[in-house]
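Visitor: Below: one structure in structure tokens.
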Amino acid sequence: MKIFIFCLIMILTSSTAWSNDVCSEDLGPLPTLTGGRVKPLYVHAQEFLKFVTSKRSFGNMNAAIVYCYLSLGTSPQGQELKLTSPIGHVKLKKFLSLDENANEIATETLVAADAQLRQEYQSESQRTEPDESYKNEIGTTLSRIELYKNVKDGTDWTIPTEVSGELKWVSIKEFAPTLSQDPSLAVKLQEAKALFIKKQTDHYLLELLYAKAHLFSWAMLTTLLAMVAFVLLKRNLWGNILTFLSIGLELAAMTLRSMISGRAPITNMYETVMFSGFGALLLATIVSLVKKEKIYMWGGLGYNFLCLFMMMFANNMLDSSIAPLVPVLRDNFWLSTHVCSIMLSYGALALSWILANIMLVRMRFFTISSQDVNYYTKVVHTCLKYGVVLLAAGIILGGIWADYSWGRFWGWDPKETWSLITLCVYMVILHGRYTSWISPSRFILVTAGAFMSVMMAWFGVNYILASGLHSYGFSTGGALFLGMFFAIQISVMVICGLGGPKKAIS
Amino acid sequence: MEKIKSFLDKLVRTIGGMKFAVVIITLFVIAMIAGTFIESYYGTDFAGRVLYQSVPFMILQGLLVTSILFATLLRLPPKERLYGFYIIHIGLIVIFIGALITAVTGIDGHLTLAPNDPTRRVILADDILIIKNETTRKEAEIKLPNTYRPSFLNIKWREVEVLDYLPFSKNIMEWADAGRKGLFNSSSYQMFNDTVSQTLTFSRHPDGETTNHQELGPLSVEYLPEQLAECFAGLNRHDIFFWDLNITTCFNPSDKRVQIRESKKGHRMAFVTYNDQPFVFLPDKSPFPVDKELKPIRSSDLRALSSKLFQTSPIIFLFGKQLTFFSKLSKQWEVHTFQHMGDEISLPWMGFKIKLLNHSTDQFPTLTPIASLPEKKGGEVISGEQRAIKVRIAGIVIWVRGGQEERVKINDNFYSISLSKKSLELPFELTLQQFKMDTNPGTKTPASYESFVNLFDGQSNSSHHIYMNNPLKYNRLTFYQSSYFQENNGQYGSILSVNFDPGRPIKYLGSLLLVIGCIIHYLIGLRRKSV
């Protein structure tokens, strides 16, 4: 296993010309303790660079090298390390006297403005009606400055050393106060890595593999290709193969993530989005193979693509880093059963949502036979049934877990309440459908709308309710995303619902 | 008879019907949505009182159960294709019954364990008012309604009348009649510069609830009795004066009671004979007199104020309409006077100005509770969650606030009144031996909370280890790790939540039925389709 990982890393780390410099790509696999976990330096450096500059690399330099130069206070020959940080808020641009169209600023300039920004943050907080989005933006900028300063001080980079037989983490500043230019430092660093692996484990190297393999990007590509294949090719073979490849890639990524963190990969927003996309695709594939109907697969691929897209690009909202878990969630059995069940249910409901929306548009703008309407209604209905049963099971499992760890089955906590709201909303729809009280076209309309309750339970509770409504302003990533989602969904419903379906041609 | 029967029949059909169910579920959903938003605005306690524990919401849940029950009854006698349906709906009803049993007979409280302190008292959620007549040793416990509205209780117990109850209140400053003999000055000021503005209210009245010391950054403000203004003015002549807190008069070293000498080490010492008692001061070190070992006697009412003590740090002394400070420019104690309300005086620090807003000697500021909504900032409730209750004893009206005790002496009867939480005594004792909080390596974020407790049941001791997801079960009670606190001496205490839930097995049974019912329902559906 270890050899396998090592080989993979060697292959993936396309090592450029060997140089005499301390800061080289060889630093990537060094262990470093950060945020309560041991990570490969490459991963930590990338997270640092991503946070400070919102880019994964600097020019053609990889993150670990940039991090190294900054920590040691040196710079590569012929190139000055001038990092730039993103600036989004108009007020903040004005405060820093930036051009309105500028969207980044030299990080050093920010560091120079640290004191002013701190004061501005203070005075904004003390206002009776503070502009929360502005305050948050200053807060984020201050955290960027703080982290950047720590890296430059040489206090952020931790290195394992041996102190009287015990492993101890020291900063690079303590580790090598004078050696910043000395090539022997490179050797010393590699020795530190060997020491850590000897004393503890090389398990952390898995994360390097995970970070370098970019499995989710590959999964996104195969998902997209699978969709293209289903549309363009008459035979399903290629589409099926690509779909299975995509499932396989995601499964591998999630397995790696579980092995790295030692827990089920469903503990934060990033992971739940990932799991629900995967769950929906898996469920859709099984159902479509059993029922021999392509339509499920289509929905599953579409939703999976949306989830992967969010994971790639919605970095403000979904944090991809692996962090230690809060104490209350540290129970793998309940965590995996409860959250898995809920996430699978969200996946199934998302399938119904995608199909219902496609139907809505088709019924409004294209002709569709009543046979087809009945057929698709049945498909959506099937998705709903799976979703509702899984949701009910998930809520009950959650209740039992809450009872087991807090001593209460139900407490009207916002997350609990919203999951019950979601269940009730779908219950009304299912009951209405059972007794034919809701007509097929209305059924499609309400199913499309009902997914808003899922989004509220899933994201809204965290991004709108938790921050307190006083501070929403629909400006932070999550709230903005949700607001846009609701707006688009409602307009689709209004446009397609009010016009009424085109008369079906039998 | 026929008519009644047909009416009942129709009623059952309506309540058991789909439309009724859909309407009730929709109302239930709307109420819950409102509930989550109320909680987001005003906090958990308020939302619980407004909605989740309110009677209308209970009725709504009752109607929901009735609807489920009637829907099931209507589909009797049993038909094979509906087996899943029956089991699901019975499961739901069983869950509701379990929840009802929990609500009525369950116990939900918390136990605060200070380190090494045996504890039995479990604090519950209900608010109560405890009135004790300590003279006759009689006491009454009044249960307060679980409401969010200010309500007039009008309950009488002996001489005590319980009047208004404010479940959510905040304190506002009101100026009330001083009601006592003597001169007690009270004032409020506004201190401001270009960036900061703050209102300061002070009172020398014995019942005043304000502090008479404020800090604004490096600047400190001290509010003193009016009479002392002259003493401070005298500091330019004698750089020291002596002040008796009780009678607010002062005298300076020219007084024959005072002797100033210099110690061997060159420190200035003052020997004062006051009320036939000798006092020794080291005035340039501390305002308190010192004992033989040169330690300050903080209980003394006689103080020495040396100009030197205050010349180095920015400090303003306010005396109602007058104020004084040591000016570094003129090297003098400057005395300024506000001629009228609203006058401003410039201070020599950071462009600060001070404005007199109010000043009185026969009125003083008191904090009076008024009904309010809880106010949240940054996800935390910051004000408005104070409970307050107005009580009248033989004509005297007092406010009792949550968690506080008020003591009143009336007609030789000594009353103590407090607003607190209902509690119960456990038949056994828990002692916290150690609270342990692990952190994630290299950070301050907690990784685990653990309590090591000793349980003594009257005969034997046993040790238990309580942590997240590992509660202690004893005597049908369950103890969960819930929170922690730090004592003044740095030791950690632990808070456990305590739970007794006879409805638990019933809720679990209902849940099981629900899941089994779903499975059966779909299996029947599949079989029918394949047939």
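Only the coordinates and a few stated rules stand behind these numbers; no lab work does. The structure displayed is predicted, hence computed values, not measured ones. Cβ placement follows ideal geometry from the backbone for every residue including glycine, while neighbour counts extend to all protein chains displayed.
Visitor: When every alpha-carbon pair in chain A is counted, what percent end up more than 44 Å apart?
Guide: Everything past 44 Å amounts to 25 percent.
Visitor: What is the mean number of Cβ atoms from other protein chains located within 10 Å of the Cβ atom of each residue in peptide A:408-420, rounded to a whole number?
Guide: Rounded to a whole number, the mean comes out at 5.
Visitor: To the nearest whole number, what is the average tally of beta carbon atoms from other chains within 10 Å of the beta carbons of peptide A:323-331?
Guide: Across A:323-331, the average partner-chain Cβ count within 10 Å equals 5.
Visitor: Something else now. So what is the relative contact order of chain A, in percent, for Cα pairs below 8 Å that sit 6 or more residues apart?
Guide: 12
Visitor: Which angle from 0 to 90°, rounded to the nearest 10, does the C-alpha axis of helix A:269-291 make with the longest principal axis of chain A?
Guide: It is inclined by approximately 40 degrees.
Visitor: By what distance, in whole Å, do the Cα atoms of the stretch A:77-176 stretch along each of the three principal axes, largest value first?
Guide: Over the stretch A:77-176, Cα extents along the principal axes are 56, 41, 17 Å.
Visitor: Please list the equivalent ellipsoid semi-axes of the stretch A:2-207, computed as the square roots of five times the alpha-carbon gyration tensor eigenvalues, in descending order and whole angstrom.
Guide: 35, 19, 16
Visitor: Here's something else I'd like to know. If you fit an axis through the alpha-carbon atoms of helix A:215-232 and take the longest principal axis of the Cα set of chain A, what angle between them do you get, 0 to 90°, nearest 10?
Guide: 30
Visitor: Something else about it: Mind checking which aspartates and glutamates have their Cα closer than 18 Å to the Cα of B:Lys409? Skip sequence neighbours fewer than 8 apart in that chain.
Guide: Straight-line reach from B:Lys409, under 18 Å: B:Glu134, B:Glu139, B:Glu159, B:Glu161, B:Asp207.
Visitor: Using just the Cα positions, wrap the stretch B:1-65 in a convex hull and report its mean projected area in square nanometres, one decimal place.
Guide: Averaged projected area of the stretch B:1-65's Cα convex hull equals 4.9 nm².
Visitor: Show me the ranking of peptides B:35-47, B:265-277, A:277-289 by mean Cβ neighbours inside 10 Å, starting with the highest.
Guide: A:277-289, B:35-47, B:265-277
Visitor: With no solvent and one equal point scatterer placed on each C-alpha of the stretch A:342-506, evaluate the Debye formula and give log10 I(q)/I(0) for q = 0.17, 0.21 Å⁻¹, two decimals.
Guide: Values returned for q = 0.17, 0.21 Å⁻¹ are -1.03, -1.33.
Visitor: Taking the alpha-carbon centroid of each part, what is the distance from the stretch B:3-41 to the stretch A:304-327 in angstrom?
Guide: Cα centroid to Cα centroid, the span is 40 Å.
Visitor: OK, next. Working from Cα positions, state the angle (0 to 90°, nearest 10) between the long axis of helix A:440-455 and the longest principal axis of chain A.
Guide: Orientation of helix A:440-455: about 20 degrees from the principal axis.
Visitor: Right, something else. Cross-link partners among lysines for A:Lys198, C-alpha distance below 19 Å, same-chain residues fewer than 8 apart left out?
Guide: Those lysines meeting the cut-off are A:Lys2, A:Lys39, A:Lys168, A:Lys188.
Visitor: Rounded to the nearest Å, what's the spacing between the alpha carbon centres of the stretch A:202-233 and the stretch A:402-467? Just the number, please.
Guide: Rounded to whole Å, the Cα centres lie 32 Å apart.
Visitor: Under 8 Å for C-alpha pairs, at least 6 residues apart: give me the relative contact order for the stretch B:218-262, rounded to a whole percent.
Guide: After rounding, I find 28 percent.
Visitor: Which FRET efficiency, nearest 0.05, do B:Lys308 and B:Leu367 yield, Cβ-Cβ r, R0 25 Å?
Guide: With R0 = 25 Å, the Cβ-Cβ based efficiency is 0.10.
Visitor: Can you compute the FRET efficiency between B:Glu487 and A:Tyr404 using 1/(1 + (r/R0)^6), with r the Cβ-Cβ distance and R0 = 22 Å? Round to the nearest 0.05.
Guide: 0.15
Visitor: List the DSSP H helices in chain B whose Cα atoms stretch 30 Å or more along the helix axis and whose mean Kyte-Doolittle hydropathy is at least 0.5.
Guide: B:18-42, B:83-105, B:504-530
Visitor: In addition: If you take the Cα Rg of the protein assembly as shown and divide it by 2.2 N^0.38 Å, with N the number of residues, what do you get?
Guide: 1.17
Visitor: On average over all directions, what projected area in square nanometres does the stretch B:29-73 have, based on the convex hull of its Cα atoms?
Guide: 3.1
Visitor: For the stretch A:214-330, what are the per-bin percents of Cα-Cα distances with bins 5 Å wide, up to the bin holding the maximum?
Guide: Binned Cα distances yield the sequence 2, 12, 22, 23, 17, 11, 7, 4, 2, 0, 0.
Visitor: Oh, and also: Over all distinct Cα pairs, what is the inverse of the mean 1/r for the stretch B:180-361, reported as the Kirkwood hydrodynamic radius in Å?
Guide: About 17.5 Å for the stretch B:180-361.
Visitor: So if each residue of separation counts as 0.36 nm, and I subtract the Cα-Cα distance between B:Phe456 and B:His340, what length gain in nm does that give?
Guide: The B:Phe456-B:His340 span can extend by a further 34.9 nm.
Visitor: Once the Cα gyration tensor of the stretch B:378-513 is diagonalised, what are the square roots of 5 times its eigenvalues, in whole Å and ordered largest first, as equivalent ellipsoid semi-axes?
Guide: Over the Cα atoms of the stretch B:378-513, the ellipsoid semi-axes are 37, 23, 20 Å.
Visitor: If you take every DSSP beta bridge whose two residues both sit in the protein assembly as shown, what share of them, in percent to the nearest 5, is antiparallel?
Guide: 95
Visitor: Note down the relative contact order for chain B as a percent, whole number, built from C-alpha pairs under 8 angstrom at least six residues apart.
Guide: 22
Visitor: While we're looking at this one, here's another question. With viscosity set to 1.002 mPa s at 20 °C, what whole-number translational diffusion coefficient in µm²/s follows for chain B from Stokes-Einstein and a Kirkwood radius over Cα pairs?
Guide: 71
Visitor: Still on this structure: Between the stretch B:385-435 and the stretch A:359-382, what is the separation of their alpha carbon centroids in Å?
Guide: For the stretch B:385-435 versus the stretch A:359-382, the Cα centre distance is 67 Å.
Visitor: If you don't mind, another one. If packing is taken as the mean number of other Cβ atoms within 10 Å per residue, what is the order of B:469-478, B:106-115, highest first?
Guide: B:106-115, B:469-478
Visitor: For peptide B:507-520, compute the average count of partner chain beta-carbon atoms within 10 Å of each residue's beta-carbon.
Guide: 3
Visitor: What does the highest-first list of A:141-147, B:348-354 look like by mean Cβ count within 10 Å?
Guide: In descending order of packing, they fall as A:141-147, B:348-354.
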